[in-house]
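Structure first, commentary second.
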């Protein structure tokens, strides 16, 4: 498949493109949702030995989701600074240690979104978190023991990947 043309058809909070593609002598159109690059982290409070997640309303699922800390990389920002900023904004912690786990596409059939998933160790919570009011974020902090986190049933892919990583990590 080869992209022959790209036309921006929507430029709002998100962007949408119409692509003209060619494959095996056939030309056809496809839509592409340009979501950008996201960061996410499974956050472990080493002092309380708990995993810190968030609960917030998500437009895509039209429901509240319990999920690992996540957000978009701002223009000119590197991924590590971005996830540290998101952790501070959403749950109020400073990061002690950060380890990159995986980079994956959330839904490559129609969106550009790539997610960089991290494991973050924290020990101090100097602020309350809760998100940024000017971004209309209303984030609840949720703490889980390891057993509770691994038993959490969630439809959120990045959180499921974090659970699977933790299960694999335990077997080392």
Residues of the range 11-44 satisfying the condition of being more than 23 Å from the chain's Cα centre (by Cα) and surrounded by 12 or more Cβ atoms within 10 Å (Cβ to Cβ): 18, 19, 20, 21, 22, 30
Any hit, the range 93-101, residues being touching a residue at least 60 places away in the same chain (Cβ under 8 Å) and touching a strand residue (DSSP E or B) at 6+ places or on another chain (Cβ under 9 Å): yes
Selection count where residues are touching a residue at least 60 places away in the same chain (Cβ under 8 Å) and more than 20 Å from residue 14 (Cβ to Cβ), scope the range 102-123: 8
Selection status of residue 35, touching a strand residue (DSSP E or B) at 6+ places or on another chain (Cβ under 6 Å) and closer than 18 Å to residue 163 by Cβ: no
Flag for residue 66 being in a strand (DSSP E or B), touching a helix residue (DSSP H, G or I) at 6+ places or on another chain (Cβ under 9 Å) and within 18 Å of residue 138 (Cα to Cα): yes
Candidate set from the range 91-143 (those that are touching a helix residue (DSSP H, G or I) at 6+ places or on another chain (Cβ under 7 Å) and under 16 Å from residue 58 (Cα atoms)); member that is surrounded by the fewest Cβ atoms within 10 Å (Cβ to Cβ): 132
Residue in the range 153-168 that is assigned to a loop (DSSP other than H, G, I, E, B), touching a residue at least 40 places away in the same chain (Cβ under 8 Å) and either surrounded by fewer than 18 Cβ atoms within 10 Å (Cβ to Cβ) or outside the structural domain of residue 53 (by TED's automatic domain parsing) (or both) present: yes
Strands (runs of 3 or more DSSP E) wholly inside the range 1-60 containing at least 3 residues that are at pLDDT 95 or above, in the same structural domain as residue 86 (by TED's automatic domain parsing) and within 30 Å of residue 122 (Cβ to Cβ): 37-45, 50-58
Residue list for the range 72-90, filter: in a helix (DSSP H, G or I) and either buried (at least 18 other Cβ atoms within 10 Å of the Cβ) or in contact with a helix residue (DSSP H, G or I) (Cβ under 9 Å, 6 or more places away or on another chain) (or both): 82, 83, 84, 86, 87, 88, 89, 90
Matching residues, the range 107-132, being at pLDDT 95 or above and not in a strand (DSSP E or B): none
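The values are calculated or read from the model by the stated rules, or taken from the named source; none is laboratory data. Computed from a predicted model, the values in this text were never measured in an experiment. Every residue, glycine as well, gets a Cβ built from its backbone with ideal geometry; the counts of neighbours run over all protein chains shown.
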